[in-house]
Amino acid sequence: MLKAAQIEEFHHQGFLNGGPVLSEDEVGELRDSLEAIMAKGPEGFGPGETPPVLFRDLSGGGTEGKPGPNPVWQIVNIWEASPAFERLIYHPAIVKGISQLTGHQELQVWHDQIQYKPANHGGTTRWHQDAPLWPIIRPMTPVSAWIPFDDADEENGCMWMVPGSHTWGNQMDYLRTQHQLAQREEFGRLEGYTPPRDAPTQQVAARPWAVLKGEVSFHHSLTWHGSPANRSPRPRRAIAIHYMTGEARFDAKGEHPMKQFVTLADGAPMAEAGPHFPAVFHQGEPVGVPARLRN
């Protein structure tokens, strides 16, 4: 349960550390499941197995389906390939926090995504906002939960955030002009942007956002964020879980990898979109882990 001061902090700066939500054993189980899926690789799922929706290197440096020299592994909907990760999307502290920060009593999963930066040569996640990259749902999905399985700090490529940037609207066109920022030493040097005059935050002040393994970090879907390369001897493994509120509706004009699973009419509620988008919070309470997944 988040406190009133934490909720106020989130609305002011656009991100919040919600504290520990996973035990050491739970982190270990998720790490083991992730490593097993990494060992399979994108083409390693056999008949009868459900693969993730996407399994790829986001760095753009690879060729012919092979990763580049500085990969950032992205695995979308790992929850569909792993019981451990499926249990995680229902975690009561996580979904309760999302409800408190959004003010909504109905929540469902939009999708999850692993971002895995290997030790020594992990790549960069460029500065971006989430909501503009998800054009098939409206209104925008407001808050995401981010949970690392390793201590994420400046050395191994933790996220960076810009406080107050969630109040500046869609600025993806500007952020794409900053894609040259890749290394820790330069990553915060965002230049050439002036916030709207009526915005409560008038300073572009990027800062590293360290999060310990097993903690949950919440961020608004318009908060500017990204992460520099990992040159440390430690991996940086983490998952972002993106949730939709009961207001979410399908926008048929947009494109997204999850669109293949939506058979709704334009404007229909995403609550009717089917099993790839499970409900996790209903009438103000966590739905709970399905019985088939309980240990």
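Taking neighbour Cβ counts within 10 Å as the exposure measure, how do Trp224, Trp146, Trp168 sort from fewest upward? Please report the intermediate quantities before stating the final value.
Numbers: Trp224 28, Trp146 24, Trp168 21.
Sorted ascending by nearby Cβ count, the order is Trp168, Trp146, Trp224.
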(message) Based only on other Cβ atoms within 10 Å, what is the fewest-to-most ordering of Met38, Met270?
(response) Met38, Met270
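When Tyr174, Tyr243 are ordered from fewest to most other Cβ atoms inside 10 Å of their Cβ, what list results? Intermediate results must be reported in sequence, preceding the final value.
Working: Tyr174 15, Tyr243 27.
The most exposed by this proxy come first: Tyr174, Tyr243.
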(message) Placing unit charges on C-beta atoms (Lys and Arg positive, Asp and Glu negative, everything else neutral), compute the dipole magnitude of the chain about its Cα centre in debye, rounded to 20.
(response) 300
(request) Name the residue farthest towards the positive end of the dipole of the chain from the options Gly214, Ala152, Ser99, assuming +1 on Cβ of Lys and Arg, -1 on Cβ of Asp and Glu, about the Cα centre. (result) Ala152
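Work out the count of Lys pairs in the chain where the Cα-Cα distance is under 20 Å, with the pair 8 or more places apart or on different chains. Write out the running numbers ahead of the final one.
On the way: Lys3/Lys96; Lys40/Lys66; Lys40/Lys117; Lys66/Lys117; Lys96/Lys213; Lys117/Lys213.
Going through the chain pair by pair, I get 6.
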(request) Please return the longest stretch of the chain lacking exposed loop sites, where GluC sites (Glu not before Pro) count only if DSSP places them in a loop and at most 12 other Cβ atoms lie within 10 Å. (result) 65-184
(request) Enter the Cα centre distance for the pair segment 205-235 and segment 36-55, rounded to the nearest angstrom. (result) 26
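Read-outs: derived from the displayed coordinates by stated rules, not from any lab. What you see is a predicted model; the values in this text were computed from it and never measured. No Cβ is skipped: glycine too gets one built from the backbone with ideal geometry, and neighbour counts run over all protein chains shown.
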